[in-house]
Amino acid sequence: MSKYGNQIYTLLLSIPLVVGCQPTNDESVESELAALRQEVKDLKAQVESIQSDIELAKENAAKAAKPKFRTLPDQKDFDGNGTIPSMGDNNATIAIIEFSDFQCPYCKRFTDNTFTMIKENYVDSGKVKYLTRDFPLGFHPQAKGAAIAANCSFKQGQYWPMRHALFSNMRNLNTTLYQKTASDLKLDIEKFSACLEDPQMAKDVENDIALASTLGIRGTPSFVVGRIEDGQLVGAQLVVGAQDYRVFSALFEDLLKEPK
């Protein structure tokens, strides 16, 4: 029982006590009862007011918590002409581009949870094409090197296993880990080592950073989601943060409903 419910209950119990214990006449009893009824009425009004305030607070909290997407211009070269890592059907209706950082704990949380469900329900079903770009943050000293290692693995067709290994070992990112993982994945180690030192690989990461900046991305993970039409990403929305799977699912479903 609530606080105010207890007060009402106590007042009601006191009615027979007043009637039975005080040597009063009928008028005084009726007066006492009227006063108690008014108190009960006032308390009920307070409870209703508080309940109304609670509902309003819940509504405002829900509005504040709801992710706010930012509409972006159409993205003409959203997939880098096939030069960036991706998974999914080339005939997919929707594309999502993830900008991430291998030392970002929120990126790892997203990868371990939400990404898995997106892949299972939308990528594997052919509805969504999933692409990645790099946005190593300045205060994560190993993130850029890890991005280069992942991209060098992409050149040998093993981006996603390397990505998984890097996120799984995000506290131990270094060249030794990259080389060992490349060996475990049976990559050509000579080519992989040369790739790590190739200045163009660092430039490619810088190009991703520059693109992210033009899109207004400031943190990781961030996502650009839109419909694929005539080789472009249209109706693009910027989603910021490791949002719950339901946020992405709702956005995908809305995009799937829109006419082509």
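The values are calculated or read from the model by the stated rules, or taken from the named source; none is laboratory data. As the structure is a computational prediction, the values presented were derived from the model and not from experiment. Every residue, glycine as well, gets a Cβ built from its backbone with ideal geometry; the counts of neighbours run over all protein chains shown.
Numerical summary
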| read-out | value |
| --- | --- |
| Test: residue in the stretch 225-243 that is in the same structural domain as PRO136 (by TED's automatic domain parsing), under 25 Å from SER125 (Cα atoms), of a type in the set (A, V, I, L, M) and assigned to a helix (DSSP H, G or I) | no |
| Residues that are farther than 30 Å from LYS203 by Cβ and either surrounded by fewer than 21 Cβ atoms within 10 Å (Cβ to Cβ) or over 17 Å from the mean Cα position of the chain (by Cα) (or both), drawn from the stretch 119-148 | GLU120, ASN121, ASP124, SER125, GLY126, LYS127 |
| Leading residue by the ranking (surrounded by the most Cβ atoms within 10 Å (Cβ to Cβ)) among those in the stretch 78-106 that are polar (S, T, N, Q) and assigned to a loop (DSSP other than H, G, I, E, B) | GLN103 |
| Search result, residues across the stretch 182-232 that are out of contact with any strand residue (DSSP E or B) (no Cβ under 7 Å at 6 or more places or on another chain) and of a type in the set (S, T, N, Q) | SER183, SER193, GLN200, ASN207, SER213, THR214 |
| Yes/no for THR176 being of a type in the set (Ser, Thr, Tyr), closer than 29 Å to ASN91 by Cα, at pLDDT 95 or above and in the same structural domain as ASP244 (by TED's automatic domain parsing) | no |
| Scope the stretch 67-76; condition exposed (fewer than 12 other Cβ atoms within 10 Å of the Cβ) and part of a loop (DSSP other than H, G, I, E, B); matching residues | LYS68, PRO73, LYS76 |
| Criterion: assigned by TED's automatic domain parsing to the domain that holds GLN75 and in contact (Cβ under 8 Å) with a residue 60 or more places away in the chain - qualifying residue of MET170, MET201, MET162 | MET170 |
| Residues of the stretch 107-143 that turn out to be in contact with a helix residue (DSSP H, G or I) (Cβ under 7 Å, 6 or more places away or on another chain), in a loop (DSSP other than H, G, I, E, B) and either more than 18 Å from VAL240 (Cβ to Cβ) or among the acidic types (Asp, Glu) (or both), as a count | 1 |
| Residue list for the stretch 222-260, filter: more than 18 Å from TYR106 (Cβ to Cβ) and charged (D, E, K, R) | ARG227, GLU229, ASP230, GLU253, ASP254, LYS257, GLU258, LYS260 |
